[in-house]
Each structure stands twice: as structure tokens, then as C-alpha cells.
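What follows is a short report on a single structure.
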Amino acid sequence: MDVLSITSEIYPLIKTGGLADVAGALPGALAGHGVNMRTLLPGYPKVLEALGEGRVVASFDDLWGGPARLLAGGAAGLDLIVIDAPHLYNRDGGPYGQADGTDWPDNWMRFAALSWVGAELARGLVDGYRPQIVHAHDWQAAMSAAYLKFGPPSDVKSIVTIHNLAFQGRFDAQIFGELRLPPHAFSMEGVEYYGGVGFLKAGLLSADVLTTVSPTYACEVRTSDFGMGLEGLLGARADDLFGILNGIDTDVWNPGSDAALKANYRTNAAHLRVENKREVESRFGLEAGDGPLFGVVSRLTWQKGIDLLVLAIDDLVAQGGRLAVLGSGDAELEAALEAAALRHPGQVAILIGYDEALSHLMQGGVDALIVPSRFEPCGLTQLFGLRYGCVPVVSRVGGLSDTVIDANEAALDAGVATGVQFFPVTEMALIEAIKRTTILYGMPKIWKKIQRRGMKSEVSWEASAARYAELYMKLVGQAPQDER
Ligand code: ADP
Ligand code: GLC
């Protein structure tokens with residue numbers, strides 16, 4: 001079974017968030033299930049550099065305003081097809097925008113091109129390569145399903161995975177004429193969305209099957225609280241919408257061998273984490289203390305509830321806790337966190353930026369990881385936390401509610417608790433959760449149990465890869481196979 005995955009980011013080549021982790025881990029996870037996954041992605045400078053020469057497998061005279069080549073090759077163990085189109089992708093800054101955070105104005109063109117090339121590949125553009133399925137991630141790749149639907153008939157099946165409904169790829173109606181779609185595609189059944197063009201909407205209506213990254217989010221997106229305007233469409237497609245929980249790459253995220261840690265440790269030796277904790281304290285300029293060291297590794301945005309965290313900091317410190325924040329995002333939230341750090345020197349510290357190695361060290365050293373998201377399609381940081389014995393303190397939404405078991409009396413009695421959950425997603429509930437965590441931390445026997453139970457949680461791709469494989473096989477009418 002050949003599946004072409006289309007994504008705008010992939011770990012370890014280019015990453016802004018969890019999408020990259022997932023796109024990077026899926027091919028390896030699926031290999032044991034008879035699925036051969038190649039990945040199509042834009043030729044950003046970092047990607048071309050990692051790919052090296054590559055093999056030219058196709059070329060275009062005019063891919064939205066300039067010539068382009070498709071390069072096939074491998075990098076970091078991934079089987080890639082990269083679009084080398086300097087006029088679209090050869091830019092400093094991030095995959096979606098300039099260093100100051102503003103989106104590239106021609107993003108519609110950059111990701112229409114990605115999706116269009118995906119559909120062409122699926123139709124047999126390259127000799128000897130005929131994927132049966134196109135698996136498109138998020139709005140940047142979703143249009144590939146529309147190109148397949150509105151182009152010449154083909155038997156290629158399509159899947160669109162929603163990683164985050166908040167990003168929909170909405171543009172002015174006037175770009176429609178340049179999308180290389182027939183006029184009737186500008187309709188309710190196609191790309192038209194509230195009078196403009198909606199890339200994700202088009203994909204969600206065109207794909208054969210839709211998935212999202214946790215079972216709870218698959219339900220939530222059909223409600224007006226979480227559907228971001230697409231709840232009606234997703235409700236209508238409920239029979240084709242599946243929630244498959246993300247896993248994590250347990251080789252990249254292994255506390256027993258993680259090179260970013262000061263001290264490696266296994267489930268039965270979590271006490272060794274203390275060396276990592278001392279290192280986190282020293283990197284952040286925090287004093288040692290008796291209370292728990294809380295950590296946050298996150299985009300600093302409204303989605304992630306960082307404004308609530310800001311409001312809870314004084315209480316966190318008053319209860320004897322300390323806090324280390326690694327992240328970047330909204331300028332206002334960055335400033336508010338910096339102000340909190342100034343108010344509480346030695347107790348609260350923030351490092352603004354993106355630092356993969358430090359994020360590993362934090363998971364390996366911090367006592368509890370706070371994830372106060374307003375919505376969370378899946379969330380990966382709480383999964384890393386579980387595996388690393390960094391107890392997650394999370395809001396009860398989306399994938400957070402599917403992956404963490406709250407340490408309530410019943411769960412503690414049954415020995416199944418792995419973290420702390422709170423709801424509603426408010427300042428008061430978060431403060432209450434921090435208080436509860438601090439109390440639990442003060443009872444070392446119970447705390448160790450929660451930690452150990454978390455470390456034993458199933459967070460790998462094992463089960464979910466099997467579910468994707470099953471879905472693929474069903475789509476193309478084959479019986480599932482498991483080669484392991
Ligand atoms: P999202 O994709 O919505 O940002 P996830 O929890 O799914 O949320 O994934 C976030 C990913 O990005 C994780 O791998 C997390 O460790 C990483 N990450 C987020 N912020 C930072 C940061 N400032 N430095 C390093 N890694 C970060
Ligand atoms: C998105 C979501 C996050 C999810 C990630 C990977 O960025 O915000 O919850 O874990 O995609 O699927």
C-alpha cells in the first residue's frame with residue numbers, strides 16, 4: 001500500500017508544532033503495517049539542505065509564478081519528495097511567515113502549489129509511483145483533496161487530517177481564478193466559504209475520509225463551542241470522521257537514552273530526575289525549593305490558555321511552587337510572563353524562544369507540566385510529560401482529556417491516576433488544580449505512584465498506527481494486514 005502524505009512541516013527538518021512531530025513519526029510507525037508512506041513537502045531552505053542533491057523526478061515551467069522541480073530523496077530516515085520552487089519557498093523566516101510573525105501574503109499560492117503538486121503526483125506524474133491514497137494534513141495540504149475531486153477522474157482516495165481547526169486557510173474570493181480549478185468548484189460543494197475561498201473547508205468536503213487527532217476532539221468539532229464555524233459541515237460528515245489519537249516517537253522521546261538530559265533514567269529510577277531538575281533551575285536562574293517545580297513548554301497563545309496561566313502565577317508562588325516557562329508567541333503574553341518573572345525573581349522565569357533540547361530537559365526535570373488549553377486537538381507535550389515522569393496538569397478538553405487520568409479519590413484508590421485535570425478552563429479552576437497538585441506533591445508516596453503510572457502509560461504510535469492502516473485498507477477495499 002502506497003500512501004502519499006502531504007504536509008507543510010516535518011520533524012526533524014522543519015517544525016513549528018505538533019504537526020511536524022506527527023508527520024515525522026507516522027511513516028516509521030506505519031511501516032510495520034504494510035504501508036509505504038512517502039512525504040511531499042515544500043522546499044524550504046532547511047529542507048533542501050537536509051535533502052542534499054536529490055533526484056529530479058519532475059519539473060514545471062510555471063508553478064504559480066516560476067519554474068519548479070520535484071526532488072526525490074531521503075533525509076533523517078524519511079522518504080521525501082520536495083518541491084524546489086525558490087520563488088515560493090526559498091525565504092528566511094518560518095514556514096508560514098516572516099520572522100516578526102506576519103504571514104507571507106502569498107501563502108494561498110504557496111500551499112495551493114503544495115496541494116496541486118500532491119494531486120498531480122497521485123495521478124501518476126512520476127513514472128513508477130502511483131500512491132493509492134493521498135493523506136493531507138491541515139489547511140496547507142487540504143486542497144489536494146479538492147484538486148483530486150474537481151480534476152480528471154481518478155481512483156485515488158483522499159484523507160484530510162485536522163490538527164487544528166483554528167487555522168483554516170481563508171482567502172479572498174478573487175484568488176479563485178488562479179487556483180487552477182474549474183469554475184463550478186467555486187460553490188458550496190467546493191472551495192467557496194462565506195463568500196471567500198476556504199482551503200480547509202474545501203478539503204473537508206472533498207476528501208473521502210476525515211480524521212482528527214483525538215476521539216474527544218472528533219466529537220467537540222461538531223459543536224459550536226469548538227467547530228470554529230465548520231461544526232455543521234463536520235456534523236454532516238460525522239460518518240466519515242474518525243478520531244485517532246496521536247502517539248509520540250518513543251525513540252526520540254526516551255528518558256532512558258535522551259542525550260538532552262543531564263541524567264538518564266528508567267521508570268523505576270525516576271528519583272534520578274533530580275539532577276535534571278537542578279539543571280533546569282540553573283538554566284532558568286531559579287532557586288531551589290521544597291514545593292513543586294512547574295513547567296510550561298508551549299506556543300504562547302490564547303488557544304493554550306497562557307493568559308489564564310499569567311493570572312494564576314501569583315497563587316502558584318504563594319502556594320510554594322516555582323515556574324519555568326519556555327515558549328514564544330503573542331507579544332502581550334510574552335510581556336505578561338516577563339512581568340511575572342520580575343515580580344517573583346528566583347521563583348518564576350521565562351525563556352522566550354524555541355529550543356528543542358531544552359524542551360527535552362524540562363520534561364526530564366520539571367515536576368509537573370501545566371497545559372491549560374482552551375481547546376487541544378490532541379496535544380503532545382502532556383504525552384512527553386507522561387513518558388518522562390513530568391506529571392501533567394491539564395484542562396479537560398480534546399486530547400488532554402483522552403490521555404491524562406485525573407488523580408481524584410477513585411482513581412488514586414484504583415492506582416490509575418496519571419495527572420491532574422481541571423474544568424472549566426478558567427483562572428479559578430487552574431488555581432485549584434495547581435493547589436491540588438501541590439498537595440499531591442507533598443505526599444511523596446502518592447506522587448511517585450502517579451509519576452510511575454504515567455511513565456507506564458501507552459503513548460507510542462503502536463495502536464494508532466494500526467488504526468490509520470486499517471482506515472487506509474478499508475478505503476481501498478483491502479483487508480488489513482499486520483506484518484509484525
Ligand atoms: P501545538 O502543535 O498546538 O503547538 P502540541 O502539544 O501538539 O501543540 O505540539 C507542540 C510541539 O512543539 C511539541 O513537540 C513541543 O515540545 C514543541 N514546542 C512548543 N513550544 C516549544 C518551544 N518553545 N521550544 C521547543 N519546543 C516547543
Ligand atoms: C495541532 C494541535 C495539537 C496537536 C498537533 C498534532 O498543532 O494544536 O493539539 O497535538 O496539531 O496533531
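Can you give the net charge of the other residues whose Cβ lies under 11 Å from the Cβ of residue 196, counting K and R as +1 and D and E as -1? Each step should come with its number before you reach the end.
Details: positive: 170, 201; negative: 172, 192.
Summing Lys/Arg as +1 and Asp/Glu as -1 gives 0.
With all protein chains kept in place, the per residue accessible area of the chain amounts to 39 square angstrom at a probe of 1.4 angstrom. Partner lysines whose Cα lies under 26 Å from the Cα of residue 474, excluding those fewer than 8 positions away in the same chain, are identified as 149, 157, 201.
Largest first, what is the accessible-area ranking of 311, 200, 181 with a 1.4 Å probe?
Heavy-atom accessible area, descending, gives 311, 181, 200.
With a cut-off of 8 Å between alpha carbons and a minimum separation of six or more residues, what is the relative contact order of segment 267-455 in percent?
Computed value for segment 267-455: 23 percent relative contact order.
Per-residue surface analysis assigns residue 271 an accessible area of about 130 Å², computed on protein heavy atoms at 1.4 Å probe radius. Taking all protein chains as they are arranged and a probe of 1.4 Å, the heavy atoms of residue 253 leave approximately 10 Å² accessible to solvent.
When 458, 427, 332 are compared by accessible surface with a 1.4 Å probe, the order from highest to lowest is 332, 458, 427.
As a calculated quantity, the FRET efficiency between residue 462 and residue 87 at R0 = 41 Å, using C-beta atoms, amounts to about 0.45.
Largest first and in whole Å, the equivalent-ellipsoid semi-axes of segment 267-455 read 22, 19, 15, each the square root of five times a Cα gyration tensor eigenvalue.
Solvent-accessible area of segment 262-377 (1.4 angstrom probe, protein heavy atoms only): carbon and sulfur portion equals 53 percent.
Only one residue of 235, 468, 293 has its Cα farthest out toward the positive end of the dipole of the chain, where Lys and Arg carry +1 and Asp and Glu -1 on Cβ, and that residue is 293.
A convex hull fitted to the Cα coordinates of the chain yields 145 cubic angstrom per residue.
Working note: 222 nm ellipticity from helices only, DSSP H runs with n ≥ 4, each -39,500 (n - 2.57), summed and divided by the residues of the chain, gives -11000 deg cm²/dmol to the nearest 500. Solvent-accessible surface (1.4 Å probe) assigned to residue 224 amounts to roughly 90 Å². Among 154, 373, the order of accessible area from largest down is 154, 373, computed with a 1.4 Å probe on protein heavy atoms. Surface composition of segment 9-140: carbon and sulfur atoms hold 48% of the protein heavy-atom accessible area at a 1.4 Å probe.
Relative to the longest principal axis of the Cα atoms of the chain, the long axis of helix 18-31 lies at roughly 70 degrees. Distant-in-sequence amide contacts of residue 243, defined by a placed amide H-H separation under 5 Å and a gap of 5 or more residues or a different chain, comprise 212.
What lysines does residue 435 reach when the alpha-carbon gap must be under 22 Å and sequence neighbours fewer than 8 apart in one chain are set aside? Filter leaves 277, 304, 445, 448, 449. Positive contributions from Lys and Arg (+1) and negative ones from Asp and Glu (-1), summed over other residues with Cβ under 14 Å from the Cβ of residue 453, come out at +3. In segment 400-484, the portion of solvent-accessible area held by carbon and sulfur atoms comes to 55 percent [1.4 Å probe, whole percent, DNA, RNA and ligands not counted].
If you take every residue apart from residue 63 with its C-beta less than 14 Å away from the C-beta of residue 63, what net charge results, scoring Lys and Arg +1 and Asp and Glu -1?
Computed value for this residue: -3.
The values are calculated or read from the model by the stated rules, or taken from the named source; none is laboratory data. Quick caveat: nothing in here was measured; it's all calculated off a predicted structure. Positions of Cβ are backbone-derived with ideal geometry, glycine not excepted, and every protein chain shown enters the neighbour counts. Only protein heavy atoms, including side chains, enter the accessible area calculation; ligands, DNA and RNA are left aside. Shrake-Rupley method; radii C 1.70, N 1.55, O 1.52, S 1.80 Å.
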